[in-house]
Amino acid sequence: MSIVDTAKQAAQGLVQGAMTKLVPLAPDSWIPGGRPDPLIDRKHGLIGTPLSRRDGAVKVKGEARFAAEFRHEGMVYAALAHAAIPRGRITEIDSAAAEAAPGVVLVMTHRNAPRMNKPGVFGSSPTAVGSADLSILQDDRVHWNGQPIACVLAETQEQADHAASLLHFSYAAEPSTTSLDEAKANGIEQGVFMGQPLLNRIGDAEAALAAAPHVVDRRYRTPRHNHNAIEPHAATILWVDGELVIHDASQMVTAQAQTIGAVFDLEPGQVTLTSPYVGGGFGCKGLWDHQIIGAAAAKLAGRPVRMTLSREGVYRVVGGRTLTEQRVAIGASADGAFDTIIHSGLSIMTPHNNMPEPFILGTRPAYACPNITLQVEVARMNMLANTFMRAPGEAVGTFALESAIDELAVDLGLDPVALRIRNEPDKDPTSGLPFSSRHIVDAWRSGAERFGWAARGAPGERRDGEWQVGMGCATGTYPYYRMPGAQARITLIREGKAVRAKIEVAAAEMGMGTATTTAIVGAERLALSMDRIEVGYGDASIPGAIMAGGSQQTAAIGAAIIAAHNALVAELLKLAGNDSPLAGLSADDVGSEDGGLAKLDDPDRRESYASILARAQRDSITVTEAASPPLEQLHWSMHSHSAIFCEVRVNAVTGETRVSRILGSFDCGRILNPKTARSQFRGGIIMGLGLALMEETQFDERNGRVMNPSLAEYHIPVHLDVPEIDVIWTDNPDPHTPMGAHGIGEIGITGVAAAVANAIYNATGKRIRDLPITLDKLL
Amino acid sequence: MSLVINGNAVAGPSDPRVSLLDHLRETLHLTGTKKGCNQGACGACTVLVDGERILSCLALAVQYDGRRITTIEGLDAVGDLHPLQAAFIEYDALQCGYCTPGQICSAIGMVAEAQRGVPSHVSTDLAAGVTLTRAEIQERMSGNLCRCGAHNGIIDAIRATMAAEIMA
């Protein structure tokens, strides 16, 4: 087995001990990103120019067609019925009234659903993305309160909804665990995330804590959250000659098509899954029961099906972020140097999934420290499977860590910015790897200057009428990820003396601006203008698999385009032949320049793409290539960073907190499109304000039912809650990533809750360690 | 009965349970108006009825006999786009785009309310007429949820475009 094959396995989550030892030791030049991407040095191109998003016009006109907006002849509407117990069996189903109701086409329960395979649960194979290790509508078992247990199809949505309300179920309840205390009493296990235990031990952290002159040792709690994308999950589904067609809302088109296909014993080519627009994702737009139930019902009824979850249905069928209980203990000497960090605690998952909220991930590379213990343990509860939600781990982990650092700064009498800079590591303190790019101190200094941090007073010192005013700060962090499996297909199409290019990637556009940045990067790589670039995405028939998750899509696409461009250059040189000015040159000698190829050190030797194609009598050329294995992540410690500054006003009479100012100072590699990047950062920060102050999925510990399954009762920030958000960035390219860029979809939410909590402490002298910081906690 | 939607008379639904939102989306195939919650909590379904903004998910279509309904598809365009639509692109007032039609229709109705002098929760003087400060716009747009976090861009786009004469 070659080193590359070994490496591919490693990168596919089967990280072997040998591999993780080998890759760090390899010379940089063997590693993707070992030689900086030439685009990093191109300073005057499209990269870094603020450009409006390409899909803006169709979206503002309401012309962008979302999953529930496709129509097919003979289509019927689906409505789901949900279990009302947390665990047990369905003993009786009374469906007579529903079946007799006007317009009803089908009532499907486990008794008449077609036989289906269990969807592969996330992590069980490289393409499996099932939400839980459970079969769907195949038996009488109930696994969570709210589980879909029947589907009604009718000619209209009103008829389907009414008929579903006429279904009656009897249950034989079985013992269930729906309280946190009970779950803990049942047993606690080591959390395992992406095949790796969530456990780091360096030195003896507890002994160092006992010996440390200054100590904070605190417990922090964060509740369940729901993503609440404004588009409810939906799919329009039909069968055509035994093949399945799904118009879906998906962050992972290819893997989702493959997982659904396996449920119905279909080959990969027999599932067409498109998802051109996704109305918000944040981790929730994946494979849940509704697509599989919809496909089964469409098969049974022989009619196309429109499956739209109600807003309540989203809370019953689509999991959110789970709760955490965290301990952060830091021991330090009087000058602020950390002797020890302990960040440990518990999160909750179900018996049927494996998603411990990995709240220690952001702590691993954070601070220089000789003694570190990090651990996430899990207990299990009978509930809907929890899942990834924006910055899983870091969003809530930074709340605990960065609150504790603020508490330590108070104890030491040090400025919290200075305390963080004091403990800046020169290499990753847990992995020992060198950082690929870390300019967090610059981010802190420029942020503090711009925010006016020096004006911060002592706790409880500033007051404006009945409003107490305070400032806080925190570090945010999120890793650079690049997952294996990405491919890009580039087609050059000759049009007279010019060409246009189509770049296709199996990626998802949920509003991050992916289609736009892909066009920017493609135009730069191919040396064509933006208007000559078409981008295809959101379709499982495109080669490769790219997930809009882990903030990795930009890097994955970037690496795939690099590979495809290299292949394109080689193919064009073959076509160019001996009559070209490029004759005799190898692919390493030439690059793209001004609509064609040119010798790198002699740009006069050049030929346009159109000329090469014309002489070869070709109308077009297509290449498809896979990205390099993402070994850079094993060779360097790769992270994005931010310094968040926040000013709050807390009403001394009502306890209400208003965020009056907030600044995010980001160190996230090179920013590709400042316009859409600013929106990404702001969006993350706003979700962080919700996390800090209002968001909580309320879970009834008596019966495991979500109690606030609506946008009226689950509060998210509204316009009046959102101040003008200032965003700056270092714009230092990471020399080891495609384009020097990092993904930026998740970093924004990290650090925000701690910055708000720390500002509230500065305003009021009250330390709240239990999110959300609602007004009752401040009275 | 008939409804006048974007200037065209169209039949109402035969089933009186059908909301104006579902009638638009499922019968008339005007899917620019979005369904986010179907219970009046998110604003994605906002349309204009005789110039006033309403939540079409909470409206039964049969209640709107003869009324003039304007959806995102029927805004007065200058060229291809209504000026506010153009400003939404310019100020990056959207990401996923799902709440966007509702935000735009709501903003147009909101400005008309302000021009009529309707006060809001943050108005300091109920009799003095309305100046659309940033806070006034934020308060008045708070019924339109956005989860991607385009709030700053949305307010900027509205301020840059709409009814400059009553802006602060």
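The values are calculated or read from the model by the stated rules, or taken from the named source; none is laboratory data. It should be emphasised that the depicted structure is a prediction, and the values quoted were computed from it without experimental measurement. Every residue, glycine among them, receives a Cβ derived from its backbone with ideal geometry; neighbour counts consider all protein chains shown.
At a glance:
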{"quantity": "Filter result (outside any helix (DSSP H, G or I), surrounded by fewer than 24 Cβ atoms within 10 Å (Cβ to Cβ) and more than 14 Å from chain B (Cβ to nearest Cβ)) within the stretch A:288-304", "calculated": "A:G302, A:R303"}
{"quantity": "Verdict on A:A366 being hydrophobic (A, V, I, L, M, F, W, C) and either surrounded by fewer than 24 Cβ atoms within 10 Å (Cβ to Cβ) or in contact with a His (Cβ under 6 Å, 6 or more places away or on another chain) (or both)", "calculated": "no"}
{"quantity": "Single residue of A:D289, A:D217 found to be over 17 Å from the mean Cα position of the chain (by Cα) and under 19 Å from A:P114 (Cβ atoms)", "calculated": "A:D289"}
{"quantity": "Test: residue in the stretch A:660-674 that is part of a loop (DSSP other than H, G, I, E, B), within 12 Å of chain B (Cβ to nearest Cβ) and crowded, with 24+ Cβ neighbours inside 10 Å", "calculated": "yes"}
{"quantity": "Residues that are over 28 Å from A:A443 (Cα atoms) and of a type in the set (F, W, Y), drawn from the stretch A:706-756", "calculated": "A:Y714"}
{"quantity": "Count of the stretch A:226-250 residues which are closer than 30 Å to A:I360 by Cα and touching a Phe, Trp or Tyr at 6+ places or on another chain (Cβ under 9 Å)", "calculated": "5"}
{"quantity": "Scan of the stretch A:266-282 for residues that are of a type outside the set (A, V, I, L, M, F, W, C) and more than 22 Å from B:Q95 (Cβ to Cβ), ordered by number", "calculated": "A:E267, A:P268, A:G269, A:Q270, A:T272"}
{"quantity": "Where A:H247 falls short, out of the listed (1) assigned to a strand (DSSP E or B); (2) free of Cβ contacts under 8 Å to residues at least 60 places away in the same chain", "calculated": "(2)"}
{"quantity": "Flag if B:Q95 is in a loop (DSSP other than H, G, I, E, B) and within 13 Å of another protein chain (Cβ to nearest Cβ)", "calculated": "yes"}
{"quantity": "Test: residue in the stretch B:145-155 that is facing chain A (nearest Cβ under 10 Å) and farther than 29 Å from A:I686 by Cα", "calculated": "no"}
{"quantity": "First in the stretch A:401-429 and part of a helix (DSSP H, G or I), second anywhere and among the charged types (D, E, K, R), Cβ under 6 Å, 6 or more apart", "calculated": "A:A404/A:R218; A:P416/A:D406"}
{"quantity": "Condition check for A:D619: modelled with pLDDT of 95 or more and surrounded by fewer than 18 Cβ atoms within 10 Å (Cβ to Cβ)", "calculated": "yes"}
{"quantity": "Of the criteria (1) in a loop (DSSP other than H, G, I, E, B); (2) more than 7 Å from chain A (Cβ to nearest Cβ); (3) of a type outside the set (V, I, T), which one B:L48 fails", "calculated": "(1)"}
{"quantity": "B:S14 being modelled with pLDDT under 95 and within 12 Å of chain A (Cβ to nearest Cβ)", "calculated": "yes"}
{"quantity": "Residue among A:G56, A:G103 that alone is modelled with pLDDT of 95 or more, surrounded by 20 or more Cβ atoms within 10 Å (Cβ to Cβ) and within 14 Å of another protein chain (Cβ to nearest Cβ)", "calculated": "A:G56"}
{"quantity": "Among the candidates B:E90, B:E73, residue that is closer than 14 Å to B:I154 by Cβ, of a type outside the set (S, T, Y) and surrounded by fewer than 21 Cβ atoms within 10 Å (Cβ to Cβ)", "calculated": "B:E90"}
{"quantity": "Top-ranked residue of the stretch A:161-180 - restricted to ones that are touching a helix residue (DSSP H, G or I) at 6+ places or on another chain (Cβ under 7 Å) and assigned to a loop (DSSP other than H, G, I, E, B), ranked as surrounded by the fewest Cβ atoms within 10 Å (Cβ to Cβ)", "calculated": "A:L166"}
{"quantity": "Options B:M162, B:M110; residue that is more than 12 Å from chain A (Cβ to nearest Cβ) and either surrounded by 20 or more Cβ atoms within 10 Å (Cβ to Cβ) or at pLDDT 95 or above (or both)", "calculated": "B:M162"}
{"quantity": "The one condition in (1) on the phi < 0 side of the Ramachandran plot; (2) touching a residue at least 60 places away in the same chain (Cβ under 8 Å) that A:G56 fails to fulfil", "calculated": "(2)"}
{"quantity": "Pairs with Cβ under 9 Å, 6+ apart, first in the stretch A:184-204 and within 30 Å of A:E701 (Cα to Cα), second exposed (fewer than 14 other Cβ atoms within 10 Å of the Cβ) and among the polar types (S, T, N, Q)", "calculated": "A:P197/A:Q190; A:L198/A:Q190; A:L199/A:Q190"}
{"quantity": "Count of the stretch A:638-659 residues which are among the acidic types (D, E) and within 14 Å of chain B (Cβ to nearest Cβ)", "calculated": "1"}
{"quantity": "Hits in the stretch A:225-279 (condition: within 30 Å of A:G690 (Cβ to Cβ) and more than 14 Å from chain B (Cβ to nearest Cβ))", "calculated": "A:A235, A:D248, A:M252, A:V253, A:A255, A:Q256"}
{"quantity": "Looking only at the stretch B:109-135, and only at residues there that are polar (S, T, N, Q) and more than 18 Å from the chain's Cα centre (by Cα), the one that is farthest from B:V49 (Cα to Cα)", "calculated": "B:T124"}
